[in-house]
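Engineer: First the structure, then my questions, so here it is.
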Amino acid sequence: LEADEVEHVLWRLGYMPDRDLVAEICKDLHLSSSMSLEDLVRFLEAFRAREGLMQSELAEIDKAFDRYATDGELSTLDLGKVLRWLGFSGMSYERVAALSLKVDVDGSGNIDIGELKKLIRMEWEDMVRCMQKAYQVQDHSRSGSIGLEQAISSWASVCEERQSQQSNIAVELKKAFEARANAGAKEGAADKGVTFGDFVHAGIQAMKKNQASIRENGGNTKEELKQMRAMFEKYDEDRSGNISFAELGNLIRGMFPKLNDGLRPRLDRLMKEVDSNTSGNMDFQDFVLIIRQFIDLQVEERATKEKAAAEATGFSAAEVNDFHDLFVLKDEANAQKLEWHQVKRLVGNICQLSSRLQQDLFDAFMEAQGCRTPAGAKQLQANATGNESIDFPEFLLLMKKLLDMNFAKIRESEAPSGIGRA
């Protein structure tokens with residue numbers, strides 16, 4: 001077996017390798033350009049031991065784990081911080097919780113270093129599967145080659161599906177062509193188009209550069225920094241390059257319109273710390289670091305609310321995950337909330353809703369939202385303003401309410417994602 005054929009063997013075995021990793025393992029094991037069966041076995045053992053990750057990536061993961069772990073484990077909340085620190089941006093708390101559930105084999109509710117590496121390997125594999133699907137859409141004839149513009153279009157589809165920041169794959173594809181030519185390919189190899197191997201390798205390199213950029217920006221994407229800059233300039237009215245502590249207070253009150261009793265003292269402590277460390281004013285770099293801490297508090301508030309809702313409903317971790325999948329499916333705008341008309345359509349697809357049932361559903365919806373009306377002052381669903389919405393924890397409470405009251409015989413229906421279970 002030739003060394004350059006190992007990548008194809010791994011694909012046939014169900015793995016999704018990056019050619020840089022293949023080269024690194026061959027070098028570390030001192031494997032020649034021609035492998036025996038024994039060499040291949042050694043290679044596969046090393047590949048599995050590394051969870052399909054390069055040594056530099058494993059070192060970064062170890063560093064991030066040590067930074068946030070407590071007693072050798074990560075909570076779901078800290079797992080989200082680790083993933084962001086490593087450059088995996090745009091993951092909601094619910095998405096992180098769902099990933100955690102997949103690798104938490106011992107059911108401890110926390111993640112150890114081995115489970116973290118497995119989770120990251122699974123994320124990369126999921127990315128490659130998206131690449132494979134996008135590539136096949138463009139490769140109509142299944143020739144194994146597509147044009148450069150088609151490859152760039154495929155990459156845009158990958159980024160859209162993964163809700164990730166666009167990266168410049170064209171630069172990486174050019175490098176792939178040059179590498180192929182330098183390896184002894186015939187003149188004009190680039191004209192033969194982009195192979196699937198080229199596309200995957202270029203996509204992985206583009207993503208890794210994007211992640212490195214996010215790490216350098218304190219765990220923030222370029223788009224997030226742009227949004228923070230807009231926030232900063234909104235309050236920097238005199239364009240001095242600084243905003244005051246008082247102006248920051250107004251911004252934070254907008255971020256946290258409602259505070260639970262556990263979060264309020266922590267927010268107060270953080271504000272006092274900011275005040276003592278900034279001498280009353282802060283520049284943009286200080287602002288970015290501070291806002292990141294406040295955003296982490298926001299995520300923690302959501303996590304606390306979701307945990308409380310899960311405990312209140314008595315749903316199992318698997319059931320919560322099923323409901324989350326359903327919630328995400330209906331949250332097409334990725335707004336992390338469902339509006340009244342979306343919930344009505346969701347339930348209406350399961351059971352027929354009469355006018356009376358629509359009102360009963362609306363009452364349950366408003367109760368889950370925490371907007372109970374006084375007796376005799378019931379709000380009619382026909383008078384809904386359009387601003388009514390519920391987040392995921394409130395969605396769990398609503399589902400529990402509907403199941404407990406067997407709303408429209410929902411338990412007997414053929415409902416998706418766990419709705420209707422006993």
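The values are calculated or read from the model by the stated rules, or taken from the named source; none is laboratory data. Only a predicted model underlies this, so the values are computations on that prediction, with no experimental measurement involved. Every residue, glycine as well, gets a Cβ built from its backbone with ideal geometry; the counts of neighbours run over all protein chains shown. Only protein heavy atoms, including side chains, enter the accessible area calculation; ligands, DNA and RNA are left aside. Shrake-Rupley method; radii C 1.70, N 1.55, O 1.52, S 1.80 Å.
Engineer: Once amide H atoms are placed 1.01 Å from N in the peptide plane, what residues at a sequence separation of 5 or more from Glu388, or on another chain, have their amide H within under 5 Å of its amide H?
Structural biologist: Trp340
Engineer: So, one more: Alpha carbons only, please: Rg and Dmax for segment 1-138, in angstrom.
Structural biologist: Reported Rg and Dmax, both Å: 16.6, 48.
Engineer: Same structure, new question: Can you pull the three principal axis extents for the Cα set of segment 198-260, in Å, largest first?
Structural biologist: Taking the Cα atoms of segment 198-260, the three principal extents are 52, 35, 15 Å.
Engineer: So what's the net charge close to Leu338: Lys and Arg +1, Asp and Glu -1, counting the other residues with Cβ under 12 Å from its Cβ?
Structural biologist: For residues surrounding Leu338, the net value is -2.
Engineer: Quick one: Cα convex hull volume of segment 27-100, Å³ per residue?
Structural biologist: Considering the Cα atoms of segment 27-100, their hull volume per residue is 121 Å³.
Engineer: Something else: Which ³J(HN,Hα) values, rounded to whole Hz and listed in residue order, are derived for segment 100-111 from phi using the Karplus coefficients 6.51, -1.76 and 1.60 in 6.51 cos²θ - 1.76 cosθ + 1.60 with θ = phi - 60°, glycine and proline given as x?
Structural biologist: These are the phi-based 3J(HN,Hα) values: 4, 4, 5, 10, 7, 5, 8, x, 6, x, 10, 10 Hz.
Engineer: Could you state the number of Å between the C-alpha centres of segment 197-242 and segment 81-154?
Structural biologist: Here the answer is 20 Å between Cα centres.
Engineer: Taking all protein chains as present, what is the carbon and sulfur share of the accessible area of segment 1-100, in % to the nearest whole number, probe 1.4 Å?
Structural biologist: Of all accessible area on segment 1-100, carbon and sulfur atoms account for 49 percent.
Engineer: Still on this model: How far apart, in nm, are the 7 Å Cα→Cβ label points at Lys133 and Gln285?
Structural biologist: 4.2
Engineer: While we're on this one: Which order do the peptides 10-19, 350-359 come out in when sorted by mean C-beta neighbours inside 10 angstrom, highest first?
Structural biologist: Taking the mean over residues of other Cβ atoms within 10 Å, the ranking is 10-19, 350-359.
Engineer: Something else: Using 7 Å Cα-to-Cβ label points, what is the Lys174/Arg411 separation (nm, one decimal)?
Structural biologist: 6.5
Engineer: Pull out the extension gain between Tyr68 and Lys102, defined as 0.36 nm times the separation in residues minus the alpha carbon to alpha carbon distance; nm, one decimal.
Structural biologist: 10.2 nm
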